[in-house]
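A.B. asks: This is the structure I have questions about; it appears just below.
Just so you know, all these numbers are worked out from the coordinates, no wet-lab data involved. Here the structure is a predicted model, which means the values were calculated and not measured. Reconstructed Cβ throughout: ideal geometry from the backbone, glycine too, with neighbour counts over all protein chains shown.
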Amino acid sequence: MFRNYFKIAWRNLIANKGFSAINIGGLSVGIAVAILIGLWIYSELSFNKNFENYDRIAQVWQHQEYNGIVGSQVANPAAMGPAIEDEFGGDFKYVIQSSWTNAHALTFGDKVFFKTGNYFEPEITEMLSLKMIYGNRDGLKEMHAVLLSKSTAEVFFDDEDPVGKILKLNNQVDVKVTGVYEDLPENSSFNSLEIILP
């Protein structure tokens, strides 16, 4: 029975090639668009959910008026962190401040690469639920330390354990690699974080 239906459908496709091409093309485009919309929705709904306590992580923005125009930005005064801890300390496990995300020159031997990263307080490793490959989450408690993403570590050290190796930061300061973490996913606010500095 199904074989008969298939034969009739095939004959109609062959007999009406133009009409069939329009229908098949429309169906293909419709399915492709539905898949793309589904992938976009999945990306939006899973954004930042790779963090263990994603529903308890917040970012402080400030709204300021400049020449009559109100603007919003993530830059906040340095005193805001301690003020939030004093005022709302019981509500937050961590209040972590960071620098701007910048490109930093890292040198190891004759290898020089620019990698993006931030200066953070040591608790960032716990807050971001970093999955450590080498070292541990306490690596930022040392003064001149650096945590590398897996892809950054591979650029400098291939597959070997880089913990304890010394890199030159911005051609000025020696920093010791204290850990390597799994790259953060693309659908994360921190996806460009290739290095973390204390």
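A.B. asks: For the chain, what is the percent of antiparallel DSSP beta bridges, rounded to the nearest 5? Please list the in-between numbers first.
C.D. replies: Numbers: 24 of 32 bridges.
The answer is about 75 percent antiparallel.
A.B. asks: Neighbour counts of other C-beta atoms within 10 Å: give me Asp91, Asp183, Asp110 arranged from fewest to most. Could the numbers behind the result be given before it?
C.D. replies: Details: Asp91 10, Asp183 16, Asp110 5.
Ordered from fewest to most neighbouring Cβ atoms within 10 Å, Asp91, Asp183, Asp110 come out as Asp110, Asp91, Asp183.
A.B. asks: Right, another one. With a cut-off of 8 Å between alpha carbons and a minimum separation of six or more residues, what is the relative contact order of region 98-198 in percent?
C.D. replies: This gives 36 percent for region 98-198.
A.B. asks: Another question, if that's okay. Counting DSSP beta bridges in region 93-197, what percent are antiparallel, to the nearest 5?
C.D. replies: Counting DSSP beta bridges with both partners in region 93-197, the antiparallel share is about 70 percent.
A.B. asks: About its Cα centre, what dipole magnitude does the chain give when the only charges are +1 on Lys and Arg Cβ and -1 on Asp and Glu Cβ, stated in debye to the nearest 20?
C.D. replies: It comes to approximately 1500 debye.
A.B. asks: Here's something else I'd like to know. If you take Kirkwood radius over Cα pairs in Å from the coordinates, which of [x] 16.8; [y] 21.0; [z] 18.0 do you get?
C.D. replies: Checked against the structure: label [y].
A.B. asks: How much length is gained on full extension from Asn136 to Phe2, taking 0.36 nm per residue of separation minus their Cα-Cα distance?
C.D. replies: 42.1 nm
A.B. asks: Another one. Using Cβ contacts closer than 10 Å as the measure, can you line up Ile96, Ile41 from fewest to most?
C.D. replies: On the way: Ile96 16, Ile41 10.
Arranged by neighbour count, lowest to highest, Ile96, Ile41 become Ile41, Ile96.
A.B. asks: Per DSSP H run of n ≥ 4, the term is -39500 (n - 2.57); total these for the chain, divide by its residue number, and report the mean residue ellipticity at 222 nm rounded to 500 deg cm²/dmol.
C.D. replies: -10000 deg cm²/dmol
A.B. asks: To the nearest 20 debye, what charge dipole does region 93-197 have about its Cα centre, counting +1 at the Cβ of each Lys and Arg and -1 at the Cβ of each Asp and Glu? List each step's numbers first, then the result.
C.D. replies: Working: 10 positive and 16 negative charges, 56 e Å.
Charge dipole, region 93-197, about its Cα centre: 280 debye, nearest 20.
A.B. asks: Local charge sum around Lys111 (other residues, Cβ-Cβ under 13 Å, Lys/Arg +1, Asp/Glu -1)?
C.D. replies: Values: positive: Lys115, Lys165, Lys168; negative: Asp110, Glu154, Asp158.
Neighbourhood net charge equals 0.
A.B. asks: Need one word for region 2-45: rounded, prolate or oblate. Basis is the Cα gyration tensor (sqrt eigenvalues a ≥ b ≥ c); a/c below 1.5 gives rounded, then a/b vs b/c decides.
C.D. replies: On the way: a/c = 8.64, a/b = 2.46, b/c = 3.51.
Judged from the Cα gyration tensor, region 2-45 comes out oblate (a/c at least 1.5, b/c at or above a/b).
A.B. asks: Something else: Once you order the gyration tensor axes a ≥ b ≥ c over the Cα atoms, which shape class does region 93-197 get: rounded for a/c under 1.5, otherwise prolate or oblate by comparing a/b with b/c?
C.D. replies: Here region 93-197 falls in the rounded category.
A.B. asks: Could you point to the residue in Asn118, Val180, Leu45 farthest towards the positive end of the chain's charge dipole, with +1 and -1 charges on the Cβ of Lys/Arg and Asp/Glu respectively?
C.D. replies: Leu45
A.B. asks: Name the long-range amide H neighbours of Ile133: under 5 Å, sequence gap of 5 or more, or other chain; modelled H, no Pro or chain starts.
C.D. replies: Placed amide hydrogens put Val180, Tyr181, Glu182 under 5 Å from Ile133.
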